[in-house]
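Working notes, beginning with the structure itself.
Just so it is clear, none of the values below were taken in a lab; they were calculated from the coordinates. As the structure is a prediction and not an experimental result, all values here were calculated from the model. Every residue, glycine among them, receives a Cβ derived from its backbone with ideal geometry; neighbour counts consider all protein chains shown.
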Number of protein chains: 2
Amino acid sequence: MYTLYSMQRSGNSYKVRLALAQLGIPFRLVEIDILKGESRTPEFLAKNPHGQVPLLEAAPGRYLAESNAILWHLVSRTPLRPEHRIDRAEALQWMFFEQHSIEPNIGAAYFWLALVKGGRELQQHALEDWMEEGYRSLAVMENHLKHHRYFVGDHYSVADIALYAYAHLAHTCDYDLTTFPEIRAWLERVAAQPGYVSMDWQPENVVAAE
Amino acid sequence: MYTLYSMQRSGNSYKVRLALAQLGIPFRLVEIDILKGESRTPEFLAKNPHGQVPLLEAAPGRYLAESNAILWHLVSRTPLRPEHRIDRAEALQWMFFEQHSIEPNIGAAYFWLALVKGGRELQQHALEDWMEEGYRSLAVMENHLKHHRYFVGDHYSVADIALYAYAHLAHTCDYDLTTFPEIRAWLERVAAQPGYVSMDWQPENVVAAE
C-alpha cells in the first residue's frame with residue numbers, strides 16, 4: 001500500500017489526496033505539519049532531502065517528491081491520464097505551467113496569508129509581485145476556459161487536478177475571482193466530479209508522523 | 001517536420017535544441033527574439049497565448065509550450081526517457097524541481113543580468129532572493145550528485161538535459177560554483193555526451209520569424 005506524507009492544509013498535498021480518492025486507491029497517510037518543523041527532522045530529510053510534502057513512498061524505500069510528478073505516476077494507465085500522446089503532452093504543459101506560474105504566486109500568497117500568523121507583515125515586500133503574477137496566470141487559465149470545459153481535450157484529467165488545488169484557494173488569500181467567471185464555473189465542474197473530496201477530507205488510514 | 005520557435009540565448013529553448021540534436025531529429029527553427037517583442041506579436045500569441053518560447057509545433061496546428069513538457073514529448077520511446085516506470089517518475093520529479101526551484105531563480109538572474117541591459121539595477125530588489133533560493137537549489141543538486149553520476153538511475157537522461165540548461169549558465173549571472181565540485185564534474189559529463197551541442201549551435205534549417 002502507498003504511504004503518503006501530506007499536510008492537510010497544503011494545496012500541493014491536496015492534489016495527491018484528491019487523485020488517490022478519485023482513483024479509489026487505498027493509502028496510508030502520515031500527517032506532516034511543516035509549520036511545526038516536521039518536514040525538517042532527520043527522519044523526514046532522509047526520505048526527502050528537499051524537505052517538502054507531499055512525498056509518496058511509491059515502492060518500498062522509493063520516495064517520490066514533487067506533487068505533479070506524483071500525480072503523473074499515479075494516473076498512469078487510468079482514465080485521468082489523457083489517452084492520446086499529444087494530449088498527454090498538453091496535460092504536462094499545463095502541469096509545468098502550474099508549478100511555474102500558479103504555485104509560486106497563489107501558493108506562496110496562500111501559505112503566508114492563510115497559514116502563517118503574521119505572514120502578511122513578513123512578506124509585504126513580495127505580496128505585490130505574487131498578486132500581479134498570480135492574476136496574469138489566472139488570466140491565462142480564464143482565456144483557455146472561454147473555449148474549453150477542461151484543460152485537455154475537453155475531458156476532466158490530471159491537469160485539472162493540478163490546477164484546481166491552488167485556484168480553489170485563491171479567494172482565501174486576497175485574489176478576487178469576480179472577473180474570472182470561466183474559472184469559477186470550472187471550479188464548480190471539478191467539485192462535481194465523481195469521487196471528488198474536499199481539502200478537509202481525511203482517508204481512513206491516518207498515522208502520526210514518526 | 002517539427003517547427004521549433006526558439007530564442008538562441010534562452011536556456012529553456014536550449015534544452016529543446018539539445019534534445020533534438022542528441023536524438024538526431026531534424027527540425028525547422030524559427031528564431032524569436034523576446035527582447036524585441038517577437039513573442040508578443042498577434043501572430044505568435046495566436047500560437048501560444050502565454051507568449052513564451054520555446055514552442056514546438058508538434059503536429060500540424062498543434063502547438064506545445066513549456067520546455068519540460070516539450071522535452072518529455074520528444075523523448076518518448078527514446079533512450080533519453082528512463083525505461084522503468086518509477087525511474088520515469090523520478091525524472092519528472094527532477095524536471096518539476098527544475099521549473100519550480102532552478103529556473104525561477106537562476107533563469108531569472110540570467111535573464112536580467114546577462115541578457116537585459118541595465119537589468120541589474122531594475123531587479124536589485126529581487127536579486128538577493130534569487131541568489132539565496134538559487135544556491136539552496138544548487139545544494140540539492142550537489143548533494144544528489146555526491147552519490148550519483150546522473151540524476152536518474154545513474155544514466156544520462158532527459159532530467160539531466162532539463163537541469164543542465166540553467167546550471168551551466170549559473171556562472172554567467174553571479175553564481176559561484178567553486179564550492180559545488182560535483183555539479184562542475186557533472187556539467188563536464190553532460191558536455192561529453194554523444195551528440196552534445198552548445199548553446200551557440202544552430203541547426204541547418206533556420207527561418208526568420210513571421
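List the GluC sites (Glu not before Pro) within the range B:83-160 that DSSP assigns to loop and that have no more than 13 neighbouring Cβ atoms inside 10 Å. Show your work: numbers first, answer last.
Numbers: sites: B:Glu83, B:Glu90, B:Glu98, B:Glu121, B:Glu128, B:Glu132, B:Glu133, B:Glu142; in loops: B:Glu83.
The qualifying sites are B:Glu83.
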Whole-Hz ³J(HN,Hα) for each residue in the range B:180-196, computed from phi via Karplus 6.51 cos²θ - 1.76 cosθ + 1.60 with θ = phi - 60°, x for glycine and proline: what do you get?
10, x, 5, 5, 4, 5, 5, 4, 5, 5, 5, 5, 9, 5, x, x, 4
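Counting other beta carbons within 10 Å of each Cβ, put B:Ile102, B:Ile70 in order, fewest first.
Working: B:Ile102 24, B:Ile70 27.
The most exposed by this proxy come first: B:Ile102, B:Ile70.
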Take the alpha carbon gyration tensor of the protein assembly as shown, find the square roots of its eigenvalues, order them as a ≥ b ≥ c, and report rounded if a/c is under 1.5; if not, report prolate when a/b exceeds b/c, else oblate.
rounded
Tell me whether the range A:85-191 comes out rounded, prolate or oblate; compute the Cα gyration tensor, take square roots of the eigenvalues as a ≥ b ≥ c, and use a/c under 1.5 as the rounded threshold.
prolate
The residues B:Val116, A:Val158, B:Val75, B:Val140, sorted from fewest to most surrounding Cβ atoms within 10 Å, come out as B:Val116, B:Val140, B:Val75, A:Val158
If we count other beta carbons within 10 Å of each Cβ, what is the order of B:His155, A:His84, fewest first?
A:His84, B:His155
Rounded, prolate or oblate: which fits chain A, taking a ≥ b ≥ c as square roots of the Cα gyration tensor eigenvalues, rounded meaning a/c under 1.5, else prolate when a/b beats b/c?
oblate
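Restricting attention to the range B:21-126, which trypsin sites (Lys or Arg not before Pro) occupy a DSSP loop and are surrounded by at most 13 other Cβ atoms within 10 Å? Walk me through the intermediate numbers first.
On the way: sites: B:Arg28, B:Lys36, B:Arg40, B:Lys47, B:Arg62, B:Arg77, B:Arg85, B:Arg88, B:Lys117, B:Arg120; in loops: B:Arg40, B:Arg77, B:Lys117.
Passing sites in the range B:21-126 are B:Arg40, B:Arg77, B:Lys117.
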Here the range B:102-112 yields Karplus 3J(HN,Hα) values (6.51, -1.76, 1.60; θ = phi - 60°; whole Hz; Gly and Pro given as x) of 9, 4, x, 9, 5, x, 5, 4, 4, 4, 7
Antiparallel DSSP beta bridges within the range B:1-92, percent to nearest 5
55 percent
Helical mean residue ellipticity (222 nm; -39500 (n - 2.57) per DSSP H run of 4+; nearest 500) of chain A:
-12500 deg cm²/dmol
Using amide H atoms built 1.01 Å from N in the peptide plane, name the residues 5+ places from A:Tyr2, or on other chains, whose amide H lies under 5 Å from its own.
A:Arg28
Run down the aspartates and glutamates and flag those whose C-alpha is under 15 Å from the C-alpha of A:Lys47, throwing out any fewer than 8 positions away in its chain.
A:Glu31, A:Glu38, A:Glu57, A:Glu66, A:Glu210, B:Glu90
Can you give me the C-alpha center-to-center distance between the range B:118-195 and the range A:64-105, rounded to a whole angstrom?
24 Å
